[in-house]
Each structure stands twice: as C-alpha cells, then as structure tokens.
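Have a look at the structure below before the remarks.
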Amino acid sequence: MKAVILSAGQGRRLLPLTRNVPKCALNISGRAILHWQIEVLRDAGVDEIVVVLGHGAKHVEALLARHPDCARVRVLYNPFHGVSDNLASAWLASPEMDGDFILMNGDTLFEAEVVRRLLASPDAPITVTVDKKDEYDDDDMRVKLDGVTMQRIGKHLRPSETHAESIGMLLFRGEGPARFRWALERMVRKPEALEQWYLSVIDDLAQSGIVTTECIRGLRWAEVDTPADLDDAAAVLAPRARRARRARAAEGNG
C-alpha cells in the first residue's frame, strides 16, 4: 500500500510559526507533524510513502534526511505552491496513483487504528474517512450521505444536509485510481483550477455513486489549522509520545 501526503502549503493561519517552515514541519510532542504521520502509517502497514512539498521544501527534506524512519520516503515538489491550492499538488502526484493508494492531507494527525480501519473497509473505488459529531462548524469539510455512500462533500453544505465530516484521508482501490487521475486531468484544465481543492474532484465523482465512506467515530485524530489545534494534536499523539519516551529511557538505561 502506498500513501501520498499533500504537504506543499504554508499554513498561513499558523503564522508566524509557519513563516519559514510549512505546518508539516511544526514540532508536536517532540517530533515534526510529518514524522508522526510517517511513523503511524508504517505501523498501520503502509510501506511506500510519497510527500508533495512546496513551501519550505528544503527544510522538510533536511528533516527527512535526519530521520532514520524516513529513509525510503520519496519527495515531489510543487512549484506552484504559492499560487495554488491542493488540487495542483494532487495533479502533480497523479503519476504515483498507479495502483491502490491512500491520499491524505499533511496537517492530519491520527492513531494507527484510523488507517487500519480504512484499509479494512469494504472494497470500493473510493473510500473517504469520516467522523460524526453533534454539530459542525464553518471550517469542517462537510459530507452528505445516503447510508455510507457519499452524495456531496464541501464546506458549502447546509447543516440540514450535513451528516459527517471528512478527516482528510481517502483510499483508492480497483478502478478508483484511474477514475481519480482522469478527473484530476479534466479539472486541472479549467481556469479556476489553481484555486480549488482536490475534494472538488471527489464531489464530482460522488455524483456517479462510486464514493463510499468509512466512519472512525471514537478514534483519535486532529487537523492542525490554527495555533489552538496544536494542543488537540498533542492529545492525539500523547499515548504514542509516552511510549517513545519510555523506549528512549530504556535505551539510555541499557
């Protein structure tokens, strides 16, 4: 299984923390966000990881070079990161979408069980990982459902048609990768492409009934968009961070 991580953006709502480095390089509980993502993905059985970089790419590449767990991580560079949203990053990574793969945002932190549950979900061309809660705010990537089948996705959905939120992690299997690549190629040719998210492509594909969802309610995850989110992310990572500290202490004692 391959994972493609979109980490080209700056994360302007986290300024000044992201003035010189992207949000994926921010330190949480002793490690960069990207390091945590790679470690958890590998624990869940993902053995090939590709990261799309842009803002602060050299800094992130240096971080990866210093981390032994990142030796086999491959990097792509999005030269349009300053003037585009993540649709362009997804399109640049489309040659990597040649088989089953996970696509995820570079600001999502999660426990390994989130990935395991997604990989164990019923076979479908495209599966979007979602969570459910009592109320949704304006910043949530809202999802409209018919059972487990996705009908629409976007921040524009009204509360009355919102049944879940996307956590920013999708699984493509079977015909899904080819359908997604084709839709990306079609969408990127439009004048407004640089201002769009790749989830606008998923919204279009959902109209054909090939997009399903896997709910991970009760599992730990967090999205890092603002300084206030850093504490939530640290809470998600707390059990893993404690295990890492105990392991380091044991090595020191040995």
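The values are calculated or read from the model by the stated rules, or taken from the named source; none is laboratory data. Nothing here was measured: the structure is a model prediction, and the numbers come from that model. Positions of Cβ are backbone-derived with ideal geometry, glycine not excepted, and every protein chain shown enters the neighbour counts.
In this structure, is Val75 surrounded by fewer than 19 Cβ atoms within 10 Å (Cβ to Cβ) and modelled with pLDDT of 90 or more? Lay out the reasoning, then the answer.
Working: surrounded by fewer than 19 Cβ atoms within 10 Å (Cβ to Cβ): yes; modelled with pLDDT of 90 or more: yes.
Yes; evaluated as a whole, the condition is true for this residue.
Of the residues that sit in region 79-106 and are surrounded by 16 or more Cβ atoms within 10 Å (Cβ to Cβ) and of a type in the set (D, E, K, R), which one is farthest from Gly168 (Cα to Cα)?
Here the residue is Glu96.
Each row is one residue, and each column tells you yes or no for (1) in contact with a strand residue (DSSP E or B) (Cβ under 7 Å, 6 or more places away or on another chain); (2) without any contact (Cβ under 8 Å) to a residue 12 or more places away in the chain; (3) within 30 Å of Ala241 (Cβ to Cβ); (4) in a strand (DSSP E or B).
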| position | (1), (2), (3), (4) |
| --- | --- |
| Trp91 | no, no, no, no |
| Met104 | yes, no, yes, yes |
| Asp134 | no, yes, yes, no |
| Asp138 | no, no, no, no |
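Suppose the filter is closer than 21 Å to Leu171 by Cα and either of a type in the set (A, V, I, L, M) or touching a Lys or Arg at 6+ places or on another chain (Cβ under 6 Å) (or both); does Leu76 pass it?
Details: closer than 21 Å to Leu171 by Cα: yes; either of a type in the set (A, V, I, L, M) or touching a Lys or Arg at 6+ places or on another chain (Cβ under 6 Å) (or both): yes.
Criteria met by Leu76.
Of all strands (runs of 3 or more DSSP E) completely enclosed by region 164-245, which ones contain at least 3 residues that are in contact (Cβ under 8 Å) with a residue 12 or more places away in the chain and crowded, with 20+ Cβ neighbours inside 10 Å? Step through it out loud before you land on a result.
Working: elements: 164-172, 211-215, 221-223.
Fully inside region 164-245 and qualifying: 164-172, 211-215.
Tell me, which residue of region 132-152 that is under 21 Å from Phe110 (Cα atoms) and either among the hydroxyl-bearing types (Ser, Thr, Tyr) or touching a Leu at 6+ places or on another chain (Cβ under 8 Å) (or both) is surrounded by the fewest Cβ atoms within 10 Å (Cβ to Cβ)?
Taking the candidates together, the pick is Tyr136.
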